[in-house]
Amino acid sequence: MAETRGHIEWLMEKHPDLRPELLHTSLVIDDPFWVRLVRDERLLDIVEEFIGSNIALFASHYICKPPYDGKPVLWHQDASYWPLKPMEVISIWLAVSDSTRKNGCMRVIPKTHKGNLHEYKERNDVDNVLGSSIDPELVDESKAVDLELNVGDLSIHHPNIIHGSDANNSSKWRRGLTIRYIPTSTKILEKNCGCPFLFRGIVKSGINDYLPFPKYIEGKHYPFKDAHRWNKSNS
């Protein structure tokens, strides 16, 4: 996690035009450390329990809320945004630093993954990460559960669960990494959407085209301890 925090710092220096909540999927494609991180066998073993042994990456996104200035993520359901068919996908939320109520941890409404998928609407009345949310009147906030995590912990959630997070008004960073995994039988319907990499198992014919793993180039990419071994293992 220390190496991952260094990666976030490196990304923020490299992309000063991006808010730290918006270090998103397009950056993954040519980032060998990021691909190596989300391909970690310990993560894939967990994912396999839910979606089977043929595993691909759909998307990944750092959502890092700076002290006193971190934006909220309003109530939403991920499946409303994603062009996937069938909607078989699992999200892992990895805590790169402690995630608490004070610094804006994820909150979920239990059992809402069993209900309907709600349409999202543009929201500019509140400065927020997504710029949209579902109708707040559809959410019973009295049932919300805070997913407080220690650094290195993770939570797993369904694409239909209603969730969000508050602003970070504390003195501490809240750094998190979302990782969206799909079985190779799930099709990405929009071209150039996400960052599809095959991580485990076999390709299903006619479903998706997968990207080659990026090679580490010194001076161009974030330096990490297994960089040269990464190149050899993926040559």
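Each Lys and Arg contributes +1 and each Asp and Glu -1, all at the Cβ; summed about the Cα centre of region 36-154, the dipole is approximately 80 debye.
Each residue, L189 and L154, gets one label point 7 Å from its Cα in the Cβ direction; the gap between the two is 2.8 nm. Once divided by 2.2 N^0.38 Å, the Cα radius of gyration of region 84-235 becomes 1.25. Amide H to amide H under 5 Å from K187: which residues, 5+ apart in sequence or cross-chain, H placed 1.01 Å off N in plane? Close amide H contacts, sequence-distant or interchain: K85.
One chain, two ends: E3 and K121. Fully extended at 0.36 nm per residue, the span grows by 38.8 nm beyond their Cα-Cα distance. Arranged from fewest to most other beta-carbon atoms within 10 Å of their beta carbon, L147, L211 become L211, L147. Summarising the amide proton neighbourhood of R174: residues at separation of 5 or more, or on other chains, whose placed amide H is nearer than 5 Å comprise K65. Near E9: Cβ cut-off under 13 Å, other residues only, Lys/Arg at +1 and Asp/Glu at -1. The net charge is +1. With one equal scatterer per alpha carbon and no solvent term, the Debye-computed log10 I(q)/I(0) for region 10-164 at 0.11, 0.19 1/Å reads -0.46, -1.53. Couplings for region 15-21, taken from phi via the Karplus curve 6.51 cos²θ - 1.76 cosθ + 1.60 with θ = phi - 60°, read 10, x, 7, 9, 5, x, 7 Hz in order; Gly and Pro are left as x.
Projecting the Cα positions of L84, W10, S233 onto the charge dipole of the chain (unit charges on Cβ atoms of Lys, Arg, Asp and Glu, taken about the Cα centre) puts S233 furthest along the positive direction. In the chain, the calculated helix contribution to ellipticity at 222 nm averages -4500 deg cm²/dmol per residue, counting -39,500 (n - 2.57) for every DSSP H run with n ≥ 4. Pairs exceeding 32 Å between alpha-carbon atoms, taken from K14/K143; K143/K187; K14/K191; K114/K172: K14/K143; K143/K187; K114/K172.
Going from the residue with the fewest nearby Cβ atoms within 10 Å to the one with the most, K102, K71, K232 rank K232, K102, K71. For the pair Y210 and K232, the difference between a 0.36 nm per residue extended length and the Cα-Cα distance amounts to 5.9 nm. Close amide H partners of F199, meaning residues 5 or more places away or on another chain with modelled amide H under 5 Å apart, are I55, A56, L57.
Read-outs: derived from the displayed coordinates by stated rules, not from any lab. Note that the coordinates shown come from a computational prediction; the quantities given were computed from them, not determined experimentally. Methodologically, a virtual Cβ is constructed for each residue, glycine included, from the backbone with ideal geometry; neighbour enumeration extends over all protein chains shown.
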